[in-house]
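The values are calculated or read from the model by the stated rules, or taken from the named source; none is laboratory data. Because the structure is a prediction, the values reported are computed rather than measured. Reconstructed Cβ throughout: ideal geometry from the backbone, glycine too, with neighbour counts over all protein chains shown.
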Amino acid sequence: MTMNRRQFLTRAALAASATTLLRPLLSTAKATLPPTPPTEFVLLRRATGYFIGRGGTIGWYSGKNALAAIDTQFVETARIFLEQMPGRSGRTLDVVCNTHHHSDHTGGNPVMKPASKLLVAQRRVPMLQLRNAERFHTTPLQVFADTLFDTQWSLDLGDEHLTARHYCPAHTAGDAVFHFEKANIVHMGDLVFNRLYPVIDPNGGYSVRGWVQALDSAIRDYPADAIYLFGHGNARFGVAGSRSDLSLMRDYLTALLSFVEKGIAAGQSREELAEALPNLPGFDDFHVPPGRGNRFPDNVRTTYDELTRLKGV
């Protein structure tokens, strides 16, 4: 069901009022959270780098006259990020951005938004974020972007220029790619899981075909010598890389589509295809043992759903 702006505002207002009522419960819940993981700031170039903790990679810029962050992880690590951000010294951030709506990229919004002049996301993100929160009963915890765009956005940060593009439904219906142009660092969000089987969210407006198109477009649009940041990465390969890593992600998704298309043409069922292979041949760095930690069967299922829906099966 499509949610219009009026419905979104009504439901978001109810969420805000519920936060006040649930605050004592939320405070108690903090005690049950897992220990805060190790965190690290990595400077790449021109006062720009990335932060790792729990959740999606945070990209950051810390200039003399401006501060910016891409994604917010969760509350605990967002606090650490703000307290330890290189060069911040208590200054207000000029902008915080969400690459998409998933909670490991927006969960720190309650901490980051009050510390920033703007919270930016693609236009579909707040509605997807609210819908996701309603599914998981976390609506009172949500803080939403206040500055939205459709396909392109930009902000002058003095010694840096930050731009964003949304291509099409891919990992979700609201993915955005952010580019620190002078540093030439591109944050891909979860459009790239570096040598990991990706999360394909059946409730987030995904399109595997669109994902391939989005990566092709990013490869075309951004410089060959850019440093790329990824939402998640295999521990052996990390969350920063090159254009070749985008190409590998695209090639995996293309091979996934081909594998599922051939299975459908051969008359295989959804579950027969999902159980046919433990891993996809040709992508050894993605391979993990069978079991709960292996997302390949779910990748097959969601791709099957997309392709059969398009065929009207």
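What are the residues in region 273-303 that are part of a helix (DSSP H, G or I) and charged (D, E, K, R), if any?
Result: D284, D285, D298, R301.
Can you tell me how many residues in region 30-85 are among the aliphatic types (A, V, I, L, M) and more than 21 Å from D190 (Cβ to Cβ)?
Count: 9.
Inspect region 156-174 for any residue being among the basic types (K, R), at pLDDT 95 or above and not in a strand (DSSP E or B) and give the result as yes or no.
No, because not a single residue in region 156-174 is among the basic types (K, R), at pLDDT 95 or above and not in a strand (DSSP E or B).
When you look at D146, is it surrounded by fewer than 16 Cβ atoms within 10 Å (Cβ to Cβ), closer than 28 Å to A66 by Cα and more than 16 Å from the chain's Cα centre (by Cα), yes or no?
When the stated conditions are applied, D146 passes them.
Pairs under 6 Å by beta carbon, first residue within 14 Å of A240 (Cβ to Cβ) in region 178-196, partner in a strand (DSSP E or B) and of a type in the set (K, R), six or more apart or different chains?
Hits for this filter: A183/R45.
Select the strands (runs of 3 or more DSSP E) contained entirely in region 73-153, then report the ones holding at least 2 residues which are without any contact (Cβ under 8 Å) to a residue 40 or more places away in the chain and among the hydrophobic types (A, V, I, L, M, F, W, C).
Correct list: 147-149.
I'm checking my understanding of the structure. Among residues of region 196-230 that are closer than 19 Å to F283 by Cβ and in contact with a strand residue (DSSP E or B) (Cβ under 7 Å, 6 or more places away or on another chain), which one is surrounded by the fewest Cβ atoms within 10 Å (Cβ to Cβ)?
L196
Every residue, every condition in (1) more than 18 Å from the chain's Cα centre (by Cα); (2) modelled with pLDDT of 95 or more; (3) assigned to a helix (DSSP H, G or I), yes or no:
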site	(1), (2), (3)
Y206	no, yes, no
G210	no, yes, yes
R220	yes, yes, yes
Y228	no, yes, no
L246	no, yes, yes
F259	yes, yes, yes
I264	yes, yes, yes
E271	yes, yes, yes
